[in-house]
Amino acid sequence: MQLYLIRHAETVHNVGKVLAGTTDSALTNHGMAQVNCLAHYFVSNSTEFTTVFSSDLRRARITAEGVCHAQVSPSDETPLQPILTRNLREKDYGSMEGSFWNTSPPSPRPRDWVIPESKASMRQRAENFFNKHLLPLLMRDPHSQQNIAVVAHGIILQELWSYFIEIFNPADTKVAPGICDTNMTTLHRKPVWSNTGYMTVSITPNPTEKTMLPTIMPGFAFVVLGIDDKKHLANLRRTKGGIGTSAHDAKQKRIDQFFQ
C-alpha cells in the first residue's frame, strides 16, 4: 500500500491567520488553483488512486473531490468519490474557533466557555480511522500496489502520524534515503503540512522482522517516501489585487473562460 497524506487547500481562515477547527471555512480562489494543480499533478505522474478518504469538512471534501474528478475511470466503472468521515476532522477549538492563532483564552473564562478538544480525543479519532478504514484495506491484500489518499487537516494528520509511529516496529520504520535525516529521532518529530502538501508512505509486508517488540503491526515495513511534497505548486502564482485570497465562488468563471 502506498499512502498519500494530504492537507486541504488554502482557506479564508488560513489567510486571516485565525483558527478554523471544525468551522466550515471556504477555500480561496488560490486554494482552488492549488487543488487543480495537485489533481493534475497526480494524473500527469500516473498516480491512480483506488480509494480516497476525506474529512467531511468542506475544505477537505472539495480538495478530495478535485483529486477524484481528475482521475480517469473506465467508462463502465463508477467515477471515484471520496469516502467522508468525521474521524478526519480538524481539532475542535471550542470557544477559540475564529480567534487569531496567537490569541490566549480570556481569564477568567465565561461560564459558557467551551474548552478545545483534547489530545486524547484526537488520538482516539486517528485510531478509529485506521482501524475502520485503513487496516481492512491493508489486511485484505497486504501485497497489493493500491494507492490510498487521505485528505484532512494539519493537526489531525499529525495525530495520525504519531499513531503510525507507535504501532509499527521501530526497526522497520524508516525515511527513504535522500528525503531527510534518516536518524530515528526525525521520525518522532511531528511533520508539518502546507496547503495541498502531502506525505507519501509505503506500507508493505516485511518477512524479515528484526525485533519482537509488542507492536500492533508486526511484520510490516513503514517507509516515508516524501514529506510535505509541494512540487505541484512550483509554477503557481497568487492572483494579485486581493482576488487570490478571496473566498472562491463556484459560480464565477476565470477571465480566460469568460472570453471563450
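The values are calculated or read from the model by the stated rules, or taken from the named source; none is laboratory data. Note that the structure is a prediction, hence the values are computed from the model and not measured. Here the Cβ positions follow ideal geometry from the backbone for every residue, glycine too, while neighbour counts run over all protein chains shown. The accessibility values were calculated without ligands, DNA or RNA, using every heavy atom of the protein model including side chains. Shrake-Rupley method; radii C 1.70, N 1.55, O 1.52, S 1.80 Å.
Couple of notes before you dig in:
- Output for the range 130-151, where each listed residue is within 22 Å of ARG59 (Cβ to Cβ) and either exposed (fewer than 12 other Cβ atoms within 10 Å of the Cβ) or touching a Leu at 6+ places or on another chain (Cβ under 6 Å) (or both): ILE148, VAL150
- Matching option when the condition is in contact with a Cys (Cβ under 6 Å, 6 or more places away or on another chain) and either of a type in the set (A, V, I, L, M) or at pLDDT below 95 (or both), among LEU80, LEU88, LEU84: LEU80
- Pairs, first closer than 16 Å to HIS8 by Cβ in the range 37-58, second open to solvent by 10 Å² or more (accessible area, probe 1.4 Å) and among the small types (Gly, Ala, Ser), C-beta under 8 Å, six or more apart: LEU38/GLY66; ALA39/GLY66; ALA39/ALA70; PHE42/ALA70; ARG58/ALA26
- Selection from the range 12-36 of residues that are touching a residue at least 60 places away in the same chain (Cβ under 8 Å) and within 17 Å of GLU65 (Cα to Cα): ALA26, LEU27, THR28, ASN29, HIS30, GLY31, MET32, ALA33, GLN34, VAL35
- Residue within the range 33-51 that is of a type in the set (Val, Ile, Thr), in a loop (DSSP other than H, G, I, E, B) and either within 23 Å of ARG89 (Cβ to Cβ) or open to solvent by less than 30 Å² (accessible area, probe 1.4 Å) (or both) present: yes
- Test: residue in the range 219-242 that is at pLDDT below 90, among the acidic types (Asp, Glu) and open to solvent by 20 Å² or more (accessible area, probe 1.4 Å): no
- There is at least one residue in the range 62-77 that is within 23 Å of ARG123 (Cα to Cα) and surrounded by 15 or more Cβ atoms within 10 Å (Cβ to Cβ).
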